[in-house]
Amino acid sequence: MADPSSYRPKPGQIPDSPGVYKFRDEHGRVIYVGKAKSLRQRLANYFQDLAGLHPRTRTMVTTAAAVEWTVVTTEVEALQLEYTWIKEFDPRFNVKYRDDKSYPYLAVTLNEEFPRVQVMRGAKKKGVRYFGPYGHAWAIRETVDLMLRVFPVRTCSAGVFKRSAQIGRPCLLGYIGKCSAPCVGRISPEDHHELAEEFCDFMAGRTGAYLRRLERRMQDAAEEMEYERAARIRDDIGALKRAMEKSAVVLADATDADLIAVAEDELEAAVQIFHVRGGRVRGQRGWVTDKVEAVTTGGLVEHALQQLYGEERGDAVPKEVLVPALPEPVEPVAQWLSERRGSQVSLRIPQRGDKKDLMATVGRNAQQALALHKTKRASDLTTRSRALEEIAEALGLDAVPLRIECFDISHLQGDDVVASMVVFEDGLARKSEYRRFQIKTFQGQDDVRSMHEVIGRRFKRYLQEKQKSGEWTEEPAGDSPEDGNGLTDGGDPVTARDGEPEPDPLAGRPTDEDGRPKRFAYPPQLVVVDGGAPQVAAARRALDELGIDDVAVCGLAKRLEEVWLPEEDDPVVLPRSSEGLYLLQRVRDEAHRFAITYQRSKRGKRLKSSPLDAVAGLGDTRRQALLKHFGSVKKLRAATVDEICEVPGVGRKTAETVAAALAGAAPSAPAVNTATGEIIEDDGAPPAALSAERGQER
């Protein structure tokens, strides 16, 4: 590990002007490339106290052994040079988007004497017109098949074309009217080239004028009583309309724009791009990247723009580029895009209307792409094995933790405090063994105390199960209180709602007499808590009080993804590319999701509860009828028995029961919507109250 002060440039040596800089390691390899409006100010940030640097930046500067820079005239030149060097040197600490597949394009080879329409992948060639990219090659072939009826452009390979020219007979497409057969001279090179240009214009979105021209030809043919020609033109119009229906209109006609959305977490980011031409989605593509440098959403957008348009010119760069966040500063990037297009390019965040709605759709695609990438990564057996080995090595465990349990606390400003326990076995979630807890020993917000209680309750149950099986001869420490719902201490069981329980990867699990697994009889090798040193200390203290010393404990803090161990002053920082860190993060996120889902459900039931729920014999239908008739529980409480009897389906006996129940139930204090200050009637909170509170959840 190098000391940054050993290669720090001398004061005044770095120029105060725009430029691009490179960090090299001890072997002379470029490990990071960056640009700056002021090289002096930017490089000074890398040579401050290491404790003040982001962990990824700290890793980079301690890996480097030298820094060098190149001065340029403008920030736009710096942007272009940065892109060129990233492509040339492939630095390990720069964000690099990688395609999850090679996307196919619809290509028209206008550089040939007889242009050809075909599917192309890989690097773009000069003189070839590209449309797309498309998600699948079959989508291109379906579109082309429909359009060849109107634009019979050549689609055959060079070998087939040459063979047909030699024998003087076209291929099958020439006989059925889906090729103009330039190989046998049915059309001149000039006319065939013009036909290919019309095909390109139609694909570029200039559809309305061409369809109107065809409709006029059809009408003229009908007026001249050339009904067969009019019928052919009518069929051509239908074929073109069917081809257009495959890409629905999403924006106003003649709108050319690219929409870029980013989905990210602490470790990875996914980018999705929709290409809109002529108001229709003409292509879609996506990338995934590891966040190997400290980068904001705007920085990810800037890297995506460089990769997307770094090799493009002219119409390949659209008039509008819509993004979720703007690069900082935005002016050089917008100017760079305009120079590549040759005219003004608008780079902005959509605020309203169809463009904002479409951006939300692109964002959902990015989220799904990131989730799919993580699923593929987690499902790989080799990757899971390596992750468990890395965790065991980092935490100093004797063996890999085949069973990991993670605990998280959730509440809303100290109310409805609950906890979750999720279980991962062999690196996979085991949802049938998830558990949830209500905090019972105190009221209010205290995550450390809550964590101590939950860990203690879970492992008390473990000791009780061991005692029943004869594996434990001593009494477990402390009594076992009961849950509010009558369940013994340990939490509510949860079934795997997402499907059948996964096969048990571990043999020898303790079972009851009927063969079902005991709820808490199987101990984990590792307990993970969502939090830092205080939560880890509370969990370790709970285990020590029960005399359990064979279960390892660690905590994962969200801020910097640091792993905390008991009685350690400094955290363990796993490498950015560590599969072990990815698995711990996935376990922690699943515990957080499960906890907050339970907390929302519990709070929703409390807010929607009503005194009518306790009336014996009053079902949902009549309860809703009463509330609909009177408007609220408050007005129903003030009604007489005769007035209650007026509600359809409510007899006198039921009315007397309702009146007696409401008279005996003391009215609760009015609730207040914290977002608006509105007094909420006692018949339950409006839906807006729930959504307003979610921003304050933990």
Please calculate how many Å² of accessible area region 40-131 carries per residue, with a 1.4 Å probe and no DNA, RNA or ligand atoms counted.
-> 52 Å²
5 angstrom amide H check on V553, placed H, neighbours 5+ away = V527
Rounded, prolate or oblate: pick one for region 158-233, where a ≥ b ≥ c are the square roots of the eigenvalues of its C-alpha gyration tensor, a/c under 1.5 means rounded, and failing that, prolate if a/b is larger than b/c, else oblate.
-> oblate
Kindly sort K440, K468 by accessible area of their heavy atoms, largest first, with the probe set to 1.4 Å.
-> K468, K440
For L618, L565, the accessible-area ranking with a 1.4 Å probe, largest leading, is L565, L618
Efficiency of FRET from Cβ geometry, E215 and E328, R₀ 56 Å, rounded to 0.05 = 0.65
Prolate/oblate/rounded label for region 13-69 (Cα gyration tensor, a/c 1.5) | oblate
Cα gyration tensor, region 46-201 - rounded (a/c under 1.5), prolate or oblate = prolate
Let me have the relative contact order for region 1-62, percent, based on Cα pairs under 8 Å that are six or more residues apart.
-> 35 percent
Which value, in Å² and to the nearest 10, is the accessible area of K10 when all protein chains are kept and the probe is 1.4 Å?
-> 150 Å²
Please work out how much accessible surface S17 shows to a 1.4 Å probe, ignoring ligands, DNA and RNA, in Å² rounded to 10.
-> 30 Å²
Neighbours of G283 by Cβ distance under 11 Å: Lys/Arg at +1, Asp/Glu at -1, summed charge +3
Surface accessible to a 1.4 Å probe, T621 within the full protein complex, Å² | 120 Å²
Where does each of Y83, Y175, Y130 land when they are ordered by accessible area, with a 1.4 Å probe and the largest first?
-> Y175, Y130, Y83
Could you work out the local net charge near E331, counting Lys and Arg as +1, Asp and Glu as -1, over the other residues with Cβ closer than 13 Å to its Cβ?
-> -2
Be a star and scan region 327-371 for residues whose amide nitrogen sits under 18 Å from the point 7 Å along the Cα-to-Cβ vector of T296.
-> 327-335, 347-350
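The values are calculated or read from the model by the stated rules, or taken from the named source; none is laboratory data. Predicted model only: the values in this text are computed from it and were never measured. Ideal geometry is used to build each Cβ from the backbone, glycine not excepted, and the neighbour counts take in all protein chains shown. The accessibility values were calculated without ligands, DNA or RNA, using every heavy atom of the protein model including side chains. Shrake-Rupley method; radii C 1.70, N 1.55, O 1.52, S 1.80 Å.
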